[in-house]
Amino acid sequence: MAFLMRRLVRVITVVLFVTFFSYFLLNLLPGDPVDTIAPFATKEIKEAIRKENHLDRAVPVQYWFWVEKFVQGDLGYNYTPSSKNPVADDVKSHFPVSVQLVLYSILLTMLCAIPLGVFTAYAAGSRLDRGINTVLFGAFSIPDFAIGLLLAYFVGVKLGWLPNGGYKPFGSGLWTHARTMILPVISLAIAQIAGFTRVLRSDMIATLQEDFITMAKSKGISGKRVLWRHALRPSSLTLLTVAGLNVGALIGGTVVIEAIFNLPGMGLILTSAIRGRQFIALQSTVAIIAIGYVLINVMIDLLYTVLDPRVRNVS
């Protein structure tokens, strides 16, 4: 319980720090925030917007009122010359798409990286190992958006095997949904697979030289069991650490990939808020992304305690 409480305190502290820092940076942008939110509104409407969002107060006070609304589910509004649309409505419809994209990418990454990491560690130094590592090094150096553009053009346009844009939910059928997600997921996962495989391979090679591995082999335990039951588990801590740190890059990559494949995810809300200079909507979107990043890292911390219970005593 104490371990969970410490993690909870850290989560709240990090989220408050990140959201206040982003709020402060947004306030440093030149010009009146109300002019950027609703540039064509009348003077009376601008004054109403300013009071509604407490933009006539000091920045810490503005931030406090924003936090108070945010925790109640009020994420602000996207303002247009004739109306204002709740950001929460956009998040409800767009957030699941981004979550699916990130989860599918992580799942594909782990399904590929773990077997490749174990195999290349077992065959370390062989021609096959060197060949696989050369391919992985090349894949790791290619940006996500470049992979996405190549897949969209060759697989989607030239070959016509898969749609190169658009999104279909689960309700449209599993295969119909999968067809619209395959190319975006692969675009995000390729570089991650390369990086995770190299990390796991390095740790596995070191683990396979430990005394307890030699003892397991001397007892007649099969090579496969030694690899998967004895060597993989202690070699996974660094992999989990890298996975947690890469979540930020993965979330950032979804913004570009969603634009390439025309997916209605959080990236669409973020880019629309930036283009429309919607101050409050942008802040709320950044906060949601930050909370998602922090929560995923907390889940990884909890996985540490499963793989190695000694972590509870030092965290």
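Specify the residue that is surrounded by the fewest Cβ atoms within 10 Å (Cβ to Cβ); the eligible residues are those in region 113-142 that are more than 13 Å from SER202 (Cα to Cα) and of a type in the set (Phe, Trp, Tyr).
Within region 113-142, the match that is surrounded by the fewest Cβ atoms within 10 Å (Cβ to Cβ) is PHE137.
Quick check on this structure: which one of SER141, SER126 is more than 23 Å from THR241 (Cα to Cα) and at pLDDT below 90?
Just one listed residue meets the conditions, SER126.
Six or more apart or on different chains, Cβ under 8 Å: which pairs go from a residue in region 237-260 that's in the same structural domain as ALA194 (by TED's automatic domain parsing) and free of Cβ contacts under 8 Å to residues at least 40 places away in the same chain to one that's of a type in the set (A, V, I, L, M, F, W, C) and open to solvent by less than 40 Å² (accessible area, probe 1.4 Å)? Could you list them?
THR238/VAL199; THR238/LEU200; VAL255/MET266; VAL255/LEU270
Any idea which residue in region 219-236 is nearest to TYR79 (Cα to Cα), counting only those that are in a helix (DSSP H, G or I) and either assigned by TED's automatic domain parsing to the domain that holds GLY76 or open to solvent by 10 Å² or more (accessible area, probe 1.4 Å) (or both)?
SER236
Working only within region 208-234, note down all residues that are touching a residue at least 40 places away in the same chain (Cβ under 8 Å) and not aliphatic (A, V, I, L, M).
Once the filter is applied, which keeps residues that are touching a residue at least 40 places away in the same chain (Cβ under 8 Å) and not aliphatic (A, V, I, L, M), region 208-234 yields GLY223, TRP228, ARG233, PRO234.
Confirm whether ARG198 is assigned by TED's automatic domain parsing to the domain that holds ILE132, open to solvent by 60 Å² or more (accessible area, probe 1.4 Å), in contact with a Ser or Thr (Cβ under 9 Å, 6 or more places away or on another chain) and at positive phi.
Criteria not met by ARG198.
Condition first: part of a helix (DSSP H, G or I) and either assigned by TED's automatic domain parsing to the domain that holds ALA41 or open to solvent by less than 20 Å² (accessible area, probe 1.4 Å) (or both). Now tell me which residues in region 270-284 satisfy that.
ALA273, PHE279, ILE280, ALA281, GLN283, SER284
A quick yes/no check of all residues on (1) outside any helix (DSSP H, G or I); (2) at pLDDT below 90; (3) on the phi > 0 side of the Ramachandran plot; (4) open to solvent by 70 Å² or more (accessible area, probe 1.4 Å):
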| residue | (1), (2), (3), (4) |
| --- | --- |
| LEU150 | no, no, no, yes |
| VAL157 | no, yes, no, yes |
| ALA178 | no, no, no, no |
| ILE182 | no, no, no, no |
| ILE190 | no, no, no, no |
| ASP203 | no, yes, no, no |
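Of the numbered conditions (1) within 30 Å of ARG233 (Cβ to Cβ); (2) part of a loop (DSSP other than H, G, I, E, B), MET110 satisfies every one except a single condition; which is it?
Looking at each condition in turn, MET110 falls short on (2).
Would you mind telling me which numbered condition in (1) open to solvent by less than 60 Å² (accessible area, probe 1.4 Å); (2) more than 22 Å from the chain's Cα centre (by Cα) MET110 fails?
(2)
The values are calculated or read from the model by the stated rules, or taken from the named source; none is laboratory data. What you are looking at is a predicted structure, and each value in this text was computed from that prediction instead of being measured. Because the Cβ atoms are built from the backbone with ideal geometry, glycine has one as well, and the counts that use them run over all protein chains shown. Please note that ligands, DNA and RNA were not included when accessible areas were found on the heavy atoms of the full protein model with its side chains. Shrake-Rupley method; radii C 1.70, N 1.55, O 1.52, S 1.80 Å.
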